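The values are calculated or read from the model by the stated rules, or taken from the named source; none is laboratory data. These numbers were taken from a predicted model, which means no experiment stands behind them. Backbone-built Cβ (ideal geometry, glycine too); neighbour counts: all protein chains shown.
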Amino acid sequence: MSESNIDPSKGQFIDPMFAVVIAAAVSETVVTWAKGGALPSGFQASVVTLGYVNLLLSWFGYHKSISRKPIKGSLRFIITVVLLPLYLLTIILFNKNFINVALVYAGIFFLWSCWEYFKYIEHDDRKSFISLQLQVFNLLVYAAALYLFGVSFIPSNWHQNWVIVNANEIALVAIAIAVISLRVVKSAGKGDTAAARIWAEIKALLFGADESTKT
């Protein structure tokens, strides 16, 4: 491909990088386990699954977004490049303290909001940066990270409390809800209910978007 035909706004640079991240994640998880490495616990497997779901949905979401509002400047492209290793970390840190993964997700959601903010600036449709940060899915992830951080300072005599014993699981569920909520908000579906929008998004991801529903 000649240099003149390369357009980073169309994913020609990003797609190979996504592929590299996926390959690295598979190498650190599935391949390692297949070769006799220690199998993950149920919670760790859930962390890995969410990481892959988020990674793949982000890939689809990136293409959907730039097809509607192409990248004009360098900032959105740079943020995408920074996000890729963070996606990888959400998967390969599955056997570490979950607060590390939660903090990575907090960084990802913050950068996603920055990405959206710069998109609006590029296309002369400015929105408040604070309002983008205060969206429900962002607040869920930020709260999950703060929750785990706070739990780490709670005295040991409180550690029999249910919300402390199950802190990792509660935080993981909150982050999973945030990821799903984000995709519902960004969904191209025209249904009036959340369920209809989720179903429309699933069909678009699996079978491609219906031409009649494109905006």
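A compact table of results
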item: Residue satisfying condition, being of a type in the set (Gly, Ala, Ser) and in contact (Cβ under 8 Å) with a residue 40 or more places away in the chain, within set ALA171, ALA143; result: ALA171
item: Checking ILE175 against (1) among the β-branched types (Val, Ile, Thr); (2) surrounded by 14 or more Cβ atoms within 10 Å (Cβ to Cβ); (3) farther than 27 Å from VAL31 by Cβ, the condition it does not meet; result: (3)
item: ILE130 being assigned to a helix (DSSP H, G or I) and at pLDDT 90 or above; result: yes
item: Boolean, TYR147 is closer than 28 Å to SER65 by Cβ, of a type in the set (Ser, Thr, Tyr), surrounded by 12 or more Cβ atoms within 10 Å (Cβ to Cβ) and touching a helix residue (DSSP H, G or I) at 6+ places or on another chain (Cβ under 8 Å); result: no
item: In the range 28-45, the residues that are surrounded by 11 or more Cβ atoms within 10 Å (Cβ to Cβ) and either in contact (Cβ under 8 Å) with a residue 24 or more places away in the chain or not in a loop (DSSP other than H, G, I, E, B) (or both); result: GLU28, THR29, VAL30, VAL31, THR32, TRP33, PRO40, PHE43, GLN44, ALA45
item: Restricting the range 36-61 to residues that are within 16 Å of ILE108 (Cβ to Cβ) and hydroxyl-bearing (Ser, Thr, Tyr), the residue that is modelled with the highest pLDDT; result: TYR52
